[in-house]
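Heads up: the structure comes next, in structure tokens.
Bear in mind these aren't lab numbers, they're just calculated from the coordinates by the rules spelled out. All values reported here derive from a predicted model rather than from experimental measurement. Cβ sites come from the backbone with ideal geometry, for glycine too, and all protein chains shown count toward neighbours.
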Amino acid sequence: MSRVLIIGAGGVSGVVVAKCCQNPEVFEEICIASRTKSKCDDMKERFGGGKTKITTAQLDADNVEEIVALINDYKPEMVINVALPYQDLTIMDACLETGVHYLDTANYEPPEVPKFEYKWQWAYREKFEKAGLTAILGCGFDPGVTGVFSAYALKHYFDEIHYIDILDANGGDHGYPFATNFNPEINIREITSNGRYWQEGEWVETEPLEIKRVFDFDQVGEKDAYLLYHEELESLAMNMPGIKRIRFFMTFSQKYITHLNVLQNVGMTSIEPIEIEGKMIQPIHFLKAVLPDPASLGPRTVGKTNIGCIYQGVKDGKPVSYYVYNVCDHQACYKEVGSQAISYTTGVPAMIGAKMLIEGKWKKPGVYNVEEFDPDPFMEELNKQGLPWHENFNPTLVD
Ligand code: NDP
């Protein structure tokens, strides 16, 4: 019997809960725990009543002792962390203390420094190994499925992959002048940071959104795609033997960029606390409070996402190119689980990763990125669980 603790009750968590309930033979009991318990109770209301037994709890996941107490009380086999990246280390510490496995969808970022890196979580490798526990890092779509796609490409089509372009397009329209599709703070910090890509053994840094290309995405159409630093670049640069270059592109409309520029120019995206009416506040926290809640975008968003990876390399001495991607329809996601496609494409892989761990297919003591596991059972599940993938054997890299 499996019992899983899900921490966080936002947009992604809603999809994880819905999908766990669709797989009750694996997820017999789940507990949703988060800062605001009413959000956990709402989810229980929305998705409960089936075979999976749902309980809820109030939890401050910045506090290791609180997490330890909840885990000791609930006794889950593993924790799915879909709170925010700031909670990764406290939750990993609590998992180690209580002997339960761990999975997340975003790497640790110190709240006061907008710099996400795996080094903090990779530092837990030996501890998890010694404890006989598995920690799966970055198991959403990007990072997550992009790493699984890479392991699959390497296993089946290449001897060596030399070039990877990861392409993330959102052709969705929610009708608001400006909103972010997932947590605004994390999203804006990611986009307003310098761009970076890996080339010939070193990082090449760019100004934020300096490199723009136009790409024609299947079922989404032509979009402006901007080069960003994204966390899977760090692990893939390490785990793909022979890699010469790896880049990440994400699409944004001109309208989005214009709003972001204005917000940045007036200081609203800053994380430097300022004093307002005797209270210290980070402007970006205020901005988050006035922007639409990403979890509320579901009913309004129409259009599709297309996320995938183009690979170039060699097999048996001959050049090979390969493109694998998923197309996801915002409204279809909303009809199925009540969320837009960004939360859906993150929550479904998180549930699949947990299923892999519970079924023992992705269980090995230590801390791992997804490309370090066998991709085949995960790829099969993507097709079954709502994220089917498509292949193109004659693509060209972004020029
Ligand atoms: P939301 O902001 O919608 O949800 C975050 C949830 O975590 C909220 O319920 C929040 O509580 C809760 N939370 C925050 N701090 C604490 C705390 N200290 N203790 C307990 N609970 C806390 O975010 P999303 O659902 O959009 O994103 C969830 C995660 O998924 C993020 O880490 C994000 O970076 C990641 N992500 C990964 C992607 C991928 O492809 N790999 C893509 C998109 C997102 P409250 O309700 O009280 O605010």
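What is the sum of charges around P388, taking Lys and Arg as +1, Asp and Glu as -1, for the other residues whose C-beta is under 12 Å from the C-beta of P388?
Working: positive: K384; negative: D329, E380, E381, E391.
Net charge in that neighbourhood comes out at -3.
Based on alpha-carbon positions alone, could you give the equivalent ellipsoid semi-axes of the range 46-135 from the gyration tensor, as √(5λ), descending, whole Å?
Values: eigenvalues 108, 55, 31 Å².
They are 23, 17, 12 Å, listed from largest to smallest.
Given q = 0.14, 0.20, 0.26, 0.28 Å⁻¹, what are the Debye log10 I(q)/I(0) values for the range 5-57, with equal point scatterers placed on the Cα positions and solvent ignored?
-0.26, -0.55, -0.94, -1.10
Helix-derived [θ] at 222 nm for the chain: sum -39500 (n - 2.57) over DSSP H runs of at least 4, divide by residue count, nearest 500? Mind showing how you got there, number by number?
Numbers: 14 runs with 141 residues, N = 399.
After summing the helix terms and dividing by residue count, I get -10500 deg cm²/dmol.
Which order results if M250, M43 are arranged by neighbouring Cβ count within 10 Å, fewest first?
Ascending Cβ contact count within 10 Å gives the list M250, M43.
Among DSSP beta bridges lying fully in the range 140-276, give the percent that are antiparallel, nearest 5. Could the numbers behind the result be given before it?
On the way: 16 of 23 bridges.
So the antiparallel bridges in the range 140-276 amount to around 70 percent.
Which entries of K127/K364; K155/K223; K37/K75; K51/K364; K355/K384 show an alpha-carbon separation above 22 angstrom in the structure shown? Numbers along the way, then the final one.
Details: K127/K364 13 Å; K155/K223 31 Å; K37/K75 19 Å; K51/K364 29 Å; K355/K384 13 Å.
With Cα atoms farther than 22 Å apart: K155/K223; K51/K364.
Just the Cα atoms of the range 287-399: what Rg and Dmax do they give in Å?
Gyration radius and largest Cα-Cα distance of the range 287-399: 17.2, 56 Å.
I need the trypsin sites (Lys or Arg not before Pro) found in the range 284-366, filtered to DSSP loop residues with at most 15 other beta carbons within 10 Å of theirs. Could the numbers behind the result be given before it?
Numbers: sites: K288, R300, K304, K315, K335, K355, K361, K363; in loops: K361, K363.
Answer in residue order: K361.
Rg(Cα) of the range 212-366 divided by 2.2 N^0.38 Å? Intermediate results must be reported in sequence, preceding the final value.
Working: Rg = 19.9 Å, N = 155, 2.2 N^0.38 = 15.0 Å.
Normalised by 2.2 N^0.38 Å, the Cα Rg of the range 212-366 equals 1.33.
K363: which aspartates and glutamates have alpha carbons under 14 Å from its alpha carbon, excluding same-chain residues fewer than 8 sequence positions away?
E77, E129, E371, E372, D374
Along each of its three principal axes, how wide is the spread of alpha-carbon positions in the range 313-363, in whole angstrom units, largest first?
Reported extents, whole Å, longest axis first: 48, 31, 12.
Note down the nm distance, to one decimal, between modelled labels 7 Å out along Cα→Cβ at D73 and at K315.
With each label placed 7 Å out from Cα toward Cβ, I get 5.3 nm.
Distance between Cα centroids, the range 267-301 to the range 122-173: provide it in whole Å.
31 Å
Which of the GluC sites (Glu not before Pro) found in the range 187-277 are in a DSSP loop and have at most 13 neighbouring Cβ atoms, other than their own, within 10 Å? Please report the intermediate quantities before stating the final value.
Working: sites: E190, E200, E202, E205, E210, E222, E231, E232, E234, E275, E277; in loops: E200, E210, E231, E277.
In loop regions of the range 187-277 (DSSP not H, G, I, E or B), the sparsely surrounded GluC sites (Glu not before Pro) are E200, E210, E277.
Work out Dmax and Rg for the range 127-250 from the C-alpha atoms and quote the Rg first, both in angstrom.
16.2, 51
Just round it to a whole percent: the fraction of Cα-Cα distances in the range 242-282 exceeding 12 Å.
Values: 595 of 820 pairs.
Every Cα pair in the range 242-282 considered, those over 12 Å come to 73 percent.
If you average the alpha carbon positions of the range 65-114 and of the range 30-61, how far apart do those two centres end up, in angstrom?
17 Å
Which residue, G353, G221, G338, has the most motion in a Gaussian network model of the chain that connects Cα atoms within less than 10 Å?
Maximum fluctuation in the GNM of the chain, among the listed residues, is at G221.
Quick one, what does Rg over Rh come out to for the chain if you take C-alpha atoms and the Kirkwood Rh? Show your work: numbers first, answer last.
Numbers: Rg = 20.2 Å, Rh = 21.3 Å.
Reported Rg/Rh, Kirkwood definition of Rh: 0.94.
For the range 1-97, which semi-axes, largest first and in whole Å, follow from the square roots of 5 times the eigenvalues of its Cα gyration tensor?
Here the semi-axes work out to 20, 14, 11 Å.
In the chain, what percentage of the DSSP-assigned beta bridges are antiparallel, given to the nearest 5?
Working: 46 of 78 bridges.
In the chain, DSSP labels about 60 percent of beta bridges as antiparallel.
Which loop-located trypsin sites (Lys or Arg not before Pro) does the range 30-100 contain, where loop means any DSSP state but H, G, I, E or B and the Cβ has at most 13 other Cβ atoms within 10 Å? Mind showing how you got there, number by number?
On the way: sites: R35, K37, K39, K44, R46, K51, K53; in loops: R35, K51.
When the trypsin sites (Lys or Arg not before Pro) of the range 30-100 are filtered for loop state and at most 13 Cβ neighbours within 10 Å, K51 remain.
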